[in-house]
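Values in this text are rule-based calculations from the coordinates and carry no lab data. What you see is a predicted model; the values in this text were computed from it and never measured. Cβ sites come from the backbone with ideal geometry, for glycine too, and all protein chains shown count toward neighbours.
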Amino acid sequence: MKSNAGGDDAKRAAGERAAEFVADGDVVGLGTGSTAAHAIRRLGERVDEGLAVEGVATSHGARELAREAGVPLRSLGDTARVDVAVDGADQAAGGDLIKGGGAAHAREKIVDAMADRFVVVVDDTKLADALSRPVPVEVLPAARASVAAAVRDAGGEPTLRAAARKDGPVVTDNGNLVVDCDFGRIADPAALARTLAATPGAVEHGLFVGLADDVVVGTPDGAAAVESEK
Ligand code: 5RP
């Protein structure tokens, strides 16, 4: 489910540009994935230069990287708002997103939604006219079959996400499974988001509708353009 299509230079350009949105004293949401990782590393450099921030990690991976980069951390469970969140996406269309390629979308949505400013970082291959990638849905293990049936009823094709270097399925940081749900081109993301959110046993889905404030788009030549969505 992960996409590395855009190349690291484009991801780096977006991530490092987004790190400049952070101001002294900010509480910062730290996104998950290879593009957000560039923002975390750049933030670590800015901390070395004297910037005072507290990071809130969206995943085990983001937390480990923040520790390595020297970004001070506070716990998500004790946090109700952040100033800026910087996070990647698997696809972006007019500010609406599909996230969850790293199976972290439940915590990512908590953090990104509580941000005063949510800055999305993508390479230019992630931009689309309409969302069309499979939508990751984190499900309680006991709801795997019932959520899959509900997804089929809604017109989607569910696939349990398999782990890459372990037998069996992906298990999230929350101890749940991930079902990737292919709906083809999604004409009405908000309506689909409501349907998935109302499905019993579906903990969180990867549609982020109307949450992004800015989308920073990196290109392979190392440039980054900021698109304001609000
Ligand atoms: C993790 C995510 C990531 O932000 C998304 O998959 C993008 O990752 P990358 O920057 O590595 O392409 O949603 O759950």
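Across the options 137, 148, 103, the greatest Cα extent toward the positive end of the charge dipole of the chain (unit charges at beta carbon of Lys, Arg, Asp, Glu) belongs to 148.
Considering only alpha-carbon pairs that sit under 8 angstrom and 6 or more positions apart, the relative contact order computed for the chain is 25 percent.
Computed over region 135-205, relative contact order equals 46 percent, with contacts defined as Cα pairs under 8 Å that lie 6+ residues apart.
Farthest toward the positive end of the dipole of region 59-130, out of 80, 65, 121, is the Cα of 80, where the dipole comes from beta carbon charges about the Cα centre. How big is the shadow of the Cα convex hull of region 135-205, averaged over all directions, in nm²? Its Cα hull, projected and averaged over all orientations, spans 4.7 nm². Out of 164, 128, 154, any idea which swings most in a Gaussian network model of the chain, alpha carbons joined below 10 Å? Most flexible of the set in this elastic network: 164. Per-residue 3J(HN,Hα) values for region 144-160, derived from phi via the Karplus relation 6.51 cos²θ - 1.76 cosθ + 1.60 with θ = phi - 60°, read 4, 6, 6, 5, 4, 5, 5, 5, 4, 4, 8, x, x, 10, x, 9, 5 Hz in sequence order (x marks Gly and Pro). Only Cα pairs within less than 10 Å get springs; with that Gaussian network setup on the chain, which residue of 209, 56, 82 has the largest fluctuation? In this elastic network of the chain, the residue with the biggest mean-square fluctuation among 209, 56, 82 is 209. Remark: region 135-205 carries a charge dipole of roughly 100 debye about the Cα centre, counting +1 on each Lys and Arg Cβ and -1 on each Asp and Glu Cβ. When every Cα-Cα distance of the chain is counted in 10 angstrom steps from zero, the calculated P(r) takes the values 9, 35, 36, 17, 3, 0 percent.
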